[in-house]
Structure formats: structure tokens, C-alpha cells
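A short reminder: the numbers here are calculations on the coordinates, not readings from a lab. These numbers come from a predicted model, not from an experiment. Note that each Cβ is placed from the backbone with ideal geometry, even for glycine, and that neighbours are counted across all protein chains shown.
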Amino acid sequence: MTEQGTDTEPHNPIRIDPVACIRCMICDYVCPGDIIHKKPRNRDLPVVKFPDECWYCGLCEQACPTDAITIVFPEHMLRCETPVHSLLGVTDEEEPPA
């Protein structure tokens with residue numbers, strides 16, 4: 001894990017644009033997983049300290065006043081190969097709940 005907010009390693013779910021980010025730290029405040037942290041110096045970008053604990057909820061992205069945050073989903077999350085009815089707990093004989 002690196003200490004850069006703009007980390008482009010595949011496992012980092014949060015990308016922070018260093019030009020657009022105003023360092024307001026709203027992302028840190030709204031993050032339910034508490035994975036975003038402020039670096040010691042005031043003008044540094046926020047740091048994604050625990051990328052493996054990201055919930056991919058998107059709250060940081062939605063709350064950012066300058067749209068500096070992008071959530072990056074890993075490939076395995078984008079390829080949903082599980083039938084939707086099984087996610088709903090419905091067997092083949094039943095109809096999905098209305």
C-alpha cells in the first residue's frame with residue numbers, strides 16, 4: 001500500500017484528482033469504513049490508508065464538492081456472474097418478490 005491519494009494500483013478503490021481536490025476532508029468525514037485519512041501536513045491529499053476495507057458505497061464520491069473523487073470497482077465486481085434471482089433468495093420454482 002502506498003501513501004499517495006492518487007495511487008493507481010488496481011486494489012485502490014478511490015482515485016483522488018490532485019488538481020480538483022481542495023483538501024476539505026469531507027470524504028474522510030462521510031466514509032463509513034474510515035479508510036480515508038488526512039496526512040500530517042495540511043495541504044497534502046487525503047490518503048486511502050485501508051483500501052481493502054472500502055465498502056464501495058460511493059459516499060465520498062457523492063460528497064466531494066469538486067468531483068475530485070472517482071470510485072474504481074475491481075474487475076471481479078463488474079462481472080456479476082451470479083443470477084439475480086439467487087441474490088434475491090428465490091429458487092427457480094418461485095416468482096421474485098414484487
Q: Using amide H atoms built 1.01 Å from N in the peptide plane, name the residues 5+ places from Ile14, or on other chains, whose amide H lies under 5 Å from its own.
A: Val72
**Q.** For region 14-87, alpha-carbon Rg relative to the globular expectation (2.2 N^0.38 Å, N residues)
**A.** 1.26
Q.
Starting from the 7 Å offset along Cα-to-Cβ, what nm value, one decimal, do you get for the label separation of Val72 and Cys57?
A. 2.3
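Ranked highest first by average number of other Cβ atoms within 10 Å, how do 44-52, 65-73 line up? Please list the in-between numbers first.
On the way: 44-52: 17.6, 65-73: 14.6.
Averaged packing, sorted descending, gives the order 44-52, 65-73.
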